[in-house]
Amino acid sequence: MPNFSIVDTHVHLYDVDRFRYAWLASVPPINRTCLIPDFDRAHEGVEIEKFVFAEVAVSDDAYLREAEFIQGLADNDSRLAGMIAHAPLEKGEEVKADLEVLHRLKSTRGIRRLIETERDPSFCISDSFVAGARLLPAYGFTFDICIKHWAMVYAVELVKRCPDVTFVLDHIGKPDIRNGLVEPWKRQINELARLPNVVCKISGVITEANHVGWKRADIEPYISHVIEQFGFDRIMFGSDWSVAELTHSYAQFVDVLDEMLVGVSEVEQRKFYRENAMRIYRL
C-alpha cells in the first residue's frame, strides 16, 4: 500500500430506495444501495483522504436530483471533495440551464455524459454535443469520457474539436482485455496522449478482463502502455467502486498497481495517487 493517503477519482454512490437505476438489474451482486459507509468498509486498509463521485446513470432524468443528493452527502463528509455529474450535452446551447444548476452545487467539478451505452457513439461528435461540450470551460468543468475501445475514434475526434476543454478518459478507454485485443486501442491511446488537454484515469481495468480467473499479467500491458504514453503528470487513480466489486476487492487493485510501480519515485507515485487528482479536479 502507498505510505501516504490517496485520492480516489472514481467512486459510485447510489441509493436504490431514493432513485431508479435501470442498469443495476444486469449486475445483481451490486444491485443494492452503496453509500459512504459501504465505501468505507470496502476500502478498509487503504487510507483515503478524498474521493470524487462519478455519476451513476440514474434513470428517469433524475440527474439534477442525483447531484443535489450527492451535494448533501458532501456537505456532511468533507472527504467527498468533488462530483462528476451528468448533463445532456447533446442539447447544445440549451444545456446551459443544467450547467447553471450544477455550477451552484459547490462540489461539481466536471460533467460525464455516458457514450459507452449509446448504440451510435458518433452522437458525441454531433454539432450539438460539441457545442454543449464547448460550454464547460466557462463553468470550470472538465469532461469525463466513458467509451468502449471500439468507439475510441470518436473520443479522439471530440477532443480535437474541443481544444479548450480538459478531458478525462475513464477506465483507460475500456480495452478488450478479456479477448486480449490491443489494436486499434493502443494506437488511439497514442493519439489521445498526443493531445495536451487529455488526462487518463487508471480505473475500471480489471472489470474489462475475464471476470473469473483474471491475472495481473492480463491487465499489466494495458496499464503500462497508458503510463508510458501519458506519463506521470497525466494519469490518475480511480477505484471504480462499487462496479469493481464484480471482479476484485479495493485492496487487490491497489496491490496490483503498487507492484507495477516498484522502482517508481515517490514523487511520481504521489502524482498518480493524489496530486494530479487535486489539480485536475481542483480539490
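So how many residues does region 196-215 have that are open to solvent by less than 20 Å² (accessible area, probe 1.4 Å) and free of Cβ contacts under 8 Å to residues at least 60 places away in the same chain? The qualifying residues number 6.
Scanning region 138-157 for residues that are over 27 Å from R178 (Cα atoms) and part of a helix (DSSP H, G or I) turns up A138, Y139.
Rundown of residues vs (1) modelled with pLDDT under 95; (2) not charged (D, E, K, R), yes/no style:
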{"site": "L195", "(1), (2)": "no, yes"}
{"site": "V199", "(1), (2)": "no, yes"}
{"site": "I206", "(1), (2)": "no, yes"}
{"site": "A209", "(1), (2)": "no, yes"}
{"site": "V212", "(1), (2)": "yes, yes"}
{"site": "I219", "(1), (2)": "no, yes"}
{"site": "H225", "(1), (2)": "no, yes"}
{"site": "E228", "(1), (2)": "no, no"}
{"site": "I235", "(1), (2)": "no, yes"}
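Exactly one residue out of A251, A217, A277 is in a helix (DSSP H, G or I), on the phi < 0 side of the Ramachandran plot and under 14 Å from the mean Cα position of the chain (by Cα), and it is A277.
Screening F167 against (1) more than 14 Å from N197 (Cβ to Cβ); (2) among the aromatic types (F, W, Y); (3) touching a Leu at 6+ places or on another chain (Cβ under 8 Å) leaves a single unmet condition, (1). Only residues that are open to solvent by less than 50 Å² (accessible area, probe 1.4 Å), in a loop (DSSP other than H, G, I, E, B) and farther than 15 Å from I177 by Cβ were counted in region 220-248, giving 6. Reported count of residues in region 249-269, each being open to solvent by 60 Å² or more (accessible area, probe 1.4 Å) and touching a strand residue (DSSP E or B) at 6+ places or on another chain (Cβ under 9 Å), is 0. Taken over region 10-29, residues that are of a type in the set (A, V, I, L, M), within 20 Å of the chain's Cα centre (by Cα) and either farther than 24 Å from I111 by Cβ or open to solvent by 10 Å² or more (accessible area, probe 1.4 Å) (or both) amount to 2. Tell me whether region 51-70 contains one or more residues that are in contact with a Gly (Cβ under 9 Å, 6 or more places away or on another chain), open to solvent by less than 10 Å² (accessible area, probe 1.4 Å), under 25 Å from A22 (Cα atoms) and aliphatic (A, V, I, L, M). Checked region 51-70: at least one residue is in contact with a Gly (Cβ under 9 Å, 6 or more places away or on another chain), open to solvent by less than 10 Å² (accessible area, probe 1.4 Å), under 25 Å from A22 (Cα atoms) and aliphatic (A, V, I, L, M).
Just give me the residues in region 1-28 being assigned to a helix (DSSP H, G or I) and β-branched (V, I, T), in sequence order.
Listed by number, the list is empty, since nothing qualifies.
Kindly evaluate E118 against the criterion of being open to solvent by 40 Å² or more (accessible area, probe 1.4 Å) and closer than 23 Å to I147 by Cβ.
Taking the combined requirement at face value, the residue satisfies it.
Specify the residue that is most open to solvent (accessible area, probe 1.4 Å); the eligible residues are those in region 81-110 that are assigned to a helix (DSSP H, G or I) and hydrophobic (A, V, I, L, M, F, W, C).
We begin by selecting, within region 81-110, every residue assigned to a helix (DSSP H, G or I); these are 89-104.
If we keep only those that are hydrophobic (A, V, I, L, M, F, W, C) too, we end up with 89, 95, 97, 99, 101-102.
Working: L89: 0, V95: 0, A97: 65, L99: 0, V101: 36, L102: 0 Å².
The qualifying residue most open to solvent (accessible area, probe 1.4 Å) is A97.
Any chance region 166-187 includes a residue that's under 24 Å from A251 (Cα atoms), among the hydroxyl-bearing types (S, T, Y) and crowded, with 17+ Cβ neighbours inside 10 Å? The answer is no, given that none of the residues of region 166-187 is under 24 Å from A251 (Cα atoms), among the hydroxyl-bearing types (S, T, Y) and crowded, with 17+ Cβ neighbours inside 10 Å. A search for C-beta distances below 6 Å between a residue of region 222-242 that is in contact (Cβ under 8 Å) with a residue 60 or more places away in the chain and any residue that is part of a loop (DSSP other than H, G, I, E, B) and of a type in the set (G, A, S), counting only pairs 6+ apart in sequence or on different chains, returns G238/S203; D240/S203; D240/G204. If the condition is being assigned to a loop (DSSP other than H, G, I, E, B) and either under 30 Å from D127 (Cα atoms) or in contact (Cβ under 8 Å) with a residue 24 or more places away in the chain (or both), then region 45-77 contributes G45, V46, E47, E55, V56, A57, V58, S59, D60, D61, A62, D77. Counting only residues that are touching a residue at least 60 places away in the same chain (Cβ under 8 Å) and among the small types (G, A, S), region 138-171 holds 1 of them.
Summed over region 254-274, the residues that are closer than 20 Å to S78 by Cβ and not in a helix (DSSP H, G or I) give a count of 0.
The values are calculated or read from the model by the stated rules, or taken from the named source; none is laboratory data. For clarity, every value in this text was computed on a predicted model and none was experimentally measured. Ideal geometry is used to build each Cβ from the backbone, glycine not excepted, and the neighbour counts take in all protein chains shown. SASA here: full protein model, heavy atoms, side chains in, ligands and nucleic acids out. Shrake-Rupley method; radii C 1.70, N 1.55, O 1.52, S 1.80 Å.
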